[in-house]
Amino acid sequence: MPARKIIIVALPGDGIGPEVTRQAVRALETIAEHGECRLEIHEHPAGGCAVDEFGTPLPRATLDACLGANAVLLGAVGGPKWDDRPRSQRPETGLLQLRSALGGFANLRPATFLPALSDCSPLRPEVAGQADIVVVRELLGGLYFGEPRGYDREAGEAHNTMRYGAEEVGRIARVAFDLARGRRRKVTSVDKANVLEVSQLWRQTVQQVAHAYPDVALDHMYVDACAMHLVTNPARFDVILTENLFGDVLSDEAAALTGSLGMLPSATIGGPVNLYEPIHGSAPDIAGRDIANPLGAIASAAMLLRYSGALPQAASHIEAAITAVLKAGYRTADLARGRAGQVVGTTEMGSLVCGAIRDAYERQFAYHAV
Ligand code: IPM
Ligand code: MN
């Protein structure tokens, strides 16, 4: 049977987006080389570069290509160049339009503390422990999309709306509980129910969903307490379930605790086409210098193989390759922090990971041969 074809739309975007996406694509090609899948990868403009070229951050042709793909792999969008544009011409607006059009409401952000990076974490090793967290961030509701919204410049007044319906909370809660079943069976639902009505609805709905998962432990935590527990005892968390903005903030915090924002991948699932993107931004200050960390993007490619390619073993090979390269002491600049280890650039880090993927396959074939 010929290997399955996966049609991927790559949206490299702005800043370091193109250079990290290139390395993620190389990792995918290395998997395809070993006969796991056939790849068809189409690149399209999105974000600030699309504003420059087409006057809109999400051109129709880009959106149509994404809707016709099996998966979308995004680098990063945004930069100071477009910060003063009206909202319809901001790169971030294009990303939100894309998320909404693809329909994925569950954004999974795994933050794993690798022993090889324990010296990069701002936490002492005994505090960081072997923390292994997934933030399940609701991605299509809350303040990001709530109406009404607006900025009345003359009046000096602006407003946004935090809104959720029970159905939207229920469906994201089920994703978190299902995920917990494959892990340590613990969900921490994060809200601000002592102040916000939206959070009261959130909490009640999550409690109702929990009845169907008696094998999963559930606790509730206010978002400020969660921010605190993340730095004092991250190992207490398994799955963190939370709304859009809280998830945005907490996932950056969790990422930095693992050593660098550049490490964290994400997968947005639940809609017709899943979207994969590292959680870091476009980092315009270091763009084009071949020093950005491509591992978050490469790990996003692994998630793509797992959730859109049904290739869990290939995904594990990529993840194991990342771990092996870090264990061997290779570091991008963000991870170096003046400590021992060999500092490599973006492209070389990509080459090292591809090499480690090939090693993993060789070991696998050698094993099957005996
Ligand atoms: C993220 C980013 C985006 C978000 C921005 C770029 C719109 O910060 O993916 O975390 O806020 O969701
Ligand atoms: Mn963010």
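The values are calculated or read from the model by the stated rules, or taken from the named source; none is laboratory data. Please read all numbers here as calculations on a predicted model, not as lab measurements. No Cβ is skipped: glycine too gets one built from the backbone with ideal geometry, and neighbour counts run over all protein chains shown. For accessibility, only protein heavy atoms count, side chains too; no ligands or nucleic acids. Shrake-Rupley method; radii C 1.70, N 1.55, O 1.52, S 1.80 Å.
Identification of strands (runs of 3 or more DSSP E) wholly contained in the stretch 4-76 with 1 or more residues that are touching a Lys or Arg at 6+ places or on another chain (Cβ under 6 Å) yields 5-13, 38-43.
Would you check if Asn233 is touching a residue at least 24 places away in the same chain (Cβ under 8 Å), away from ligand 1 (no atom under 14 Å from the Cβ), in contact with a strand residue (DSSP E or B) (Cβ under 6 Å, 6 or more places away or on another chain) and open to solvent by 10 Å² or more (accessible area, probe 1.4 Å)? It is false that Asn233 is touching a residue at least 24 places away in the same chain (Cβ under 8 Å), away from ligand 1 (no atom under 14 Å from the Cβ), in contact with a strand residue (DSSP E or B) (Cβ under 6 Å, 6 or more places away or on another chain) and open to solvent by 10 Å² or more (accessible area, probe 1.4 Å).
Considering the conditions (1) away from ligand 1 (no atom under 15 Å from the Cβ); (2) in contact (Cβ under 8 Å) with a residue 12 or more places away in the chain; (3) over 22 Å from Leu245 (Cα atoms), Arg85 is excluded by exactly one of them, (1).
So that you can scan it fast, the table gives a plain yes or no per residue for (1) within 22 Å of Gln97 (Cα to Cα); (2) away from ligand 1 (no atom under 16 Å from the Cβ); (3) among the aromatic types (Phe, Trp, Tyr):
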| site | (1), (2), (3) |
| --- | --- |
| Glu138 | yes, no, no |
| Gly142 | yes, no, no |
| Asp152 | no, yes, no |
| Gly165 | yes, yes, no |
| Gly170 | no, yes, no |
| Asp219 | no, yes, no |
| Val223 | no, no, no |
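Look through Gly165, Gly270, Gly259, Gly170 and report the one residue that is under 20 Å from the mean Cα position of the chain (by Cα) and modelled with pLDDT of 95 or more. Answer to the selection: Gly270. Answer yes or no as to whether Thr242 is assigned by TED's automatic domain parsing to the domain that holds Leu179, without any contact (Cβ under 8 Å) to a residue 60 or more places away in the chain and either surrounded by 21 or more Cβ atoms within 10 Å (Cβ to Cβ) or closer than 27 Å to Asn160 by Cα (or both). No, not satisfied. For the stretch 102-160, filtered to residues that are in contact (Cβ under 8 Å) with a residue 24 or more places away in the chain and charged (D, E, K, R), the residue that is nearest to Leu261 (Cα to Cα) is Arg109.
Checking Thr93 against (1) open to solvent by 40 Å² or more (accessible area, probe 1.4 Å); (2) farther than 30 Å from Arg185 by Cβ, which single condition isn't satisfied? The failed condition is (1). The residue list Gly55, Gly35, Gly79 contains one member that is within 16 Å of ligand 2 (Cβ to nearest atom), farther than 19 Å from Ala267 by Cα and surrounded by fewer than 24 Cβ atoms within 10 Å (Cβ to Cβ), which is Gly79. Contact annotation: residue pairs with Cβ atoms under 8 Å, 6 or more positions apart or on different chains, pairing a residue in the stretch 278-290 that is open to solvent by less than 30 Å² (accessible area, probe 1.4 Å) with a partner that is within 16 Å of ligand 1 (Cβ to nearest atom) and of a type in the set (Asp, Glu), are Ile279/Asp252; Ser282/Asp14.
When Asp215, Asp248, Asp224, Asp252 are checked against the criterion of being touching a strand residue (DSSP E or B) at 6+ places or on another chain (Cβ under 9 Å), outside the structural domain of Arg331 (by TED's automatic domain parsing) and either acidic (Asp, Glu) or buried (at least 21 other Cβ atoms within 10 Å of the Cβ) (or both), Asp248 stands alone in meeting it.
Of the strands (runs of 3 or more DSSP E) lying entirely inside the stretch 230-310, those containing at least 2 residues that are closer than 16 Å to Leu11 by Cβ and within 16 Å of ligand 2 (Cβ to nearest atom) span 267-269, 274-276. Within this structure, Ala210 passes the test of being open to solvent by less than 50 Å² (accessible area, probe 1.4 Å) and more than 16 Å from ligand 2 (Cβ to nearest atom). Here Arg109 clears all of (1) within 16 Å of ligand 1 (Cβ to nearest atom); (2) of a type in the set (D, E, K, R); (3) open to solvent by 20 Å² or more (accessible area, probe 1.4 Å) except the condition numbered (3).
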